[in-house]
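**Q** Before anything else, here's the structure in question.
Computed from the coordinates by the stated procedures, all read-outs in this text should not be read as laboratory data. Bear in mind that the values here come from a model prediction, so they are computed numbers and not experimental data. Ideal geometry is used to build each Cβ from the backbone, glycine not excepted, and the neighbour counts take in all protein chains shown.
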């Protein structure tokens, strides 16, 4: 009778001289535990960190491809966006995660609200690029731009992807 994936398996645990627990299956196969298991867990925990996207990586916005009359007031992005039936819908969304860092617009995190509007003026938008004149720590002003990340037109409504 062939053993299926849910078949019962008889095992015997032994300890080798260097501290690796060995599990011997009835068919002679070996599954190692102990140090090897710990090493594998370390690799599993480290790999996602090593290949993670940089903190500043953002999903590009696509709303500008199907919306018109795109405008910004403070941290609110507004536009007339095409619905699936071809008509347009006036819609708005709060821009997330852009702040003024010493006169430069920078993306920080999608989970926090934007704060650039507190210390920037002449705020405008062209497509998915936000541009403003932002105050530096020394009191001077700097024109800066940042991409607005992660917003799409979903059937006439601006939404985060």
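**Q** Semi-axes of the equivalent ellipsoid of segment 63-160: what are they in whole Å, largest first, if each equals the square root of 5 times a C-alpha gyration tensor eigenvalue?
**A** Working: eigenvalues 148, 30, 16 Å².
Whole-Å semi-axes of the equivalent ellipsoid: 27, 12, 9.
**Q** In what sequence do 140, 76 fall when counting other Cβ within 10 Å, fewest first?
**A** On the way: 140 8, 76 13.
If I rank by nearby Cβ atoms, fewest first, I get 140, 76.
**Q** Return the distance in nm (one decimal) between the two label points of a simple spin-label model at residue 155 and residue 101, each offset 7 Å from Cα along Cα→Cβ.
**A** 3.8
**Q** Between residue 108 and residue 133, what is the label-point separation in nm under the 7 Å Cα-to-beta-carbon projection?
**A** Once both label points are built, they end up 2.4 nm from each other.
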